[in-house]
Amino acid sequence: DAGVIQSPRHEVTEMGQEVTLRCKPISGHDYLFWYRQTMMRGLELLIYFNNNVPIDDSGMPEDRFSAKMPNASFSTLKIQPSEPRDSAVYFCASTKWDSPIYNEQFFGPGTRLTVL
Amino acid sequence: KNEVEQSPQNLTAQEGEFITINCSYSVGISALHWLQQHPGGGIVSLFMLSSGKKKHGRLIATINIQEKHSSLHITASHPRDSAVYICAVRGYNTDKLIFGTGTRLQVFP
C-alpha cells in the first residue's frame, strides 16, 4: 500500500493567494483527518470526515479555511485568502473503523506551507 | 493549562540508557496514543492504549486510567530512537485527538 499521499510537499505563496492542499487516504479507510502543526501550538485537529461527511470542523480557524471530501479517495483543504500566520505543516491522516487496532491513524508526509 | 501535558520537554541520553517519557491528561478518555515524529517530519503511530500495558520491540507503553497518566519507555536506547514523541488522547464518543506538545529525545552514541 502506498500509504497516505499528500501534495504538494512544499508550497510557498504570497499573502492573499489561494492555497489548495490535497490528500489521498489509504484505500478502504473511512476516516480522514486534517491536522496543522506549528512550533507554537504543536499538532491541532482542523477537521475530520467519516465516509466523506464532515463530522467535526470546530478546529477550522476561520472562514478562510474550507475542506471537502468529494469521494472516498480524495480530500482538499483550501485557504483563501492565505495569511503569513497560516504558515505551518499540514498533515492528513486516515484510519479504518473496524481495524483490530481501531483508530490507529496513518499519517501522510505533510505539506509544508509558507505564506510570505 | 493544557489538557495533555508531557514531560520532559527535552531529553538527551547516551546509547543504551533506559528512557521514560511521561504524559498526564485532565479529561476523561477512551484511548491514548503515542506517536513518533522523526527529524524528517513523518509521524508514525506507535501505540494505542485504553488500559494496562503494551510492548513492541524495545518500546513499552503503560497507562493508569485512575491517575490519568501514561508512560512510554524505551529500553536499550539507540541513536535511531532520536525523535519527537507525542502523546494524544481521545475523549468519549469522539474520534478527535488532543495532542501534547511532544518530548524531543536525542540519543547520542
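For B:Tyr85, the stated conditions do not hold, so it cannot be described as away from chain A (no Cβ under 13 Å), within 24 Å of A:Met39 (Cβ to Cβ) and either touching a residue at least 60 places away in the same chain (Cβ under 8 Å) or aromatic (Phe, Trp, Tyr) (or both). Evaluating B:Thr62 against the criteria (1) without any contact (Cβ under 8 Å) to a residue 24 or more places away in the chain; (2) more than 26 Å from B:Pro79 (Cβ to Cβ); (3) surrounded by 12 or more Cβ atoms within 10 Å (Cβ to Cβ) leaves one unmet condition, (2).
Entry remark, the stretch B:85-97: residues being farther than 10 Å from B:Leu32 by Cα and open to solvent by 10 Å² or more (accessible area, probe 1.4 Å) number 5 in total. Selection of the stretch B:14-36 for residues being within 14 Å of chain A (Cβ to nearest Cβ), open to solvent by 20 Å² or more (accessible area, probe 1.4 Å) and modelled with pLDDT under 95 yields only B:Ser30. Filtering B:Ser82, B:Ser51 for residues that are at pLDDT 95 or above and surrounded by fewer than 21 Cβ atoms within 10 Å (Cβ to Cβ) leaves a single hit, B:Ser82.
Applying a threshold of 7 Å to beta carbon distances and a minimum spacing of six or more residues, or different chains, the list of pairs starting in the stretch A:53-70 at a residue that is without any contact (Cβ under 8 Å) to a residue 12 or more places away in the chain and ending at one that is among the polar types (S, T, N, Q) reads A:Lys68/A:Ser75; A:Lys68/A:Thr76. Within the stretch A:22-31, not a single residue is more than 12 Å from every other protein chain (Cβ to nearest Cβ) and acidic (Asp, Glu). Among the residues of the stretch A:39-62, how many are assigned to a strand (DSSP E or B), more than 9 Å from chain B (Cβ to nearest Cβ) and under 20 Å from B:Glu3 (Cα atoms)? Summing the residues that are assigned to a strand (DSSP E or B), more than 9 Å from chain B (Cβ to nearest Cβ) and under 20 Å from B:Glu3 (Cα atoms) in the stretch A:39-62 gives 2. Screening B:Gly100 with (1) surrounded by fewer than 20 Cβ atoms within 10 Å (Cβ to Cβ); (2) under 18 Å from A:Phe91 (Cα atoms); (3) touching an Asp or Glu at 6+ places or on another chain (Cβ under 7 Å) gives one miss only, at (1). The set of residues in the stretch A:84-97 that are closer than 17 Å to A:Glu14 by Cα, open to solvent by 50 Å² or more (accessible area, probe 1.4 Å) and in contact (Cβ under 8 Å) with a residue 60 or more places away in the chain contains only A:Pro84.
The values are calculated or read from the model by the stated rules, or taken from the named source; none is laboratory data. Note that the structure is a prediction, hence the values are computed from the model and not measured. Virtual Cβ from ideal backbone geometry, glycine too; neighbours counted across all protein chains shown. Accessible surface is based on the protein model in full, side chains and every heavy atom, while ligands, DNA and RNA are left aside. Shrake-Rupley method; radii C 1.70, N 1.55, O 1.52, S 1.80 Å.
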